[in-house]
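> The structure under discussion is supplied below as structure tokens; questions concerning it will follow.
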Amino acid sequence: MTTSRKPGPRLRARLLSGVWFGFGAGFLLAAWAVIVSVVSVISGPEDFREIIGPLLPILAAYLGGGLAMGIVLGLLRPISGSWFGISLIGFIACFVMMAAIGFAVAGFSFSTRDWGFISVFSLLAGPLTAIRVRNEVEKMKEEGSWFELFE
């Protein structure tokens, strides 16, 4: 006899906090893209589309990549207790976000070199960023900040 288990409140809370964080990161990147686009158009004849591609796919990639990254963060949060676990989460989250950005810029015509760059960048930047964010979150928790809402 098998029983189907519904996701519990802890899983929902983890996913919610991950999605909030992911959308926040995606929103900041999207806002950056809009600012760069406006400055680029104002400052010279080359507009943002000529430099990096159409703006709407970029914004969608940032927001969609942020959502996917947030889901990864929420699902893998139980392994975030160790340095290895948080580093693995950082690598996977960075890889997901970088792949989303790459798809927006290059479409589905990724080369082996592109995948290699995404992998190496994610391996270097993801764990370092995740450890840094974890340390900041722990410091904010000790100070009693608003992060406690997502626990």
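The values are calculated or read from the model by the stated rules, or taken from the named source; none is laboratory data. The structure displayed is predicted, hence computed values, not measured ones. So basically every Cβ, Gly included, is an ideal-geometry build from the backbone, and we count neighbours across all protein chains shown.
> If you go through the stretch 73-104 one residue at a time, how many are modelled with pLDDT under 85 and either within 13 Å of residue 18 (Cα to Cα) or touching a strand residue (DSSP E or B) at 6+ places or on another chain (Cβ under 8 Å) (or both)?
Of the residues in that region, 7 qualify.
> Test residue 11 against the criterion of being surrounded by 13 or more Cβ atoms within 10 Å (Cβ to Cβ), at pLDDT below 75 and over 18 Å from the mean Cα position of the chain (by Cα), and give yes or no.
no
> For the stretch 86-141, give me each residue that is surrounded by 14 or more Cβ atoms within 10 Å (Cβ to Cβ) and not in a helix (DSSP H, G or I).
110
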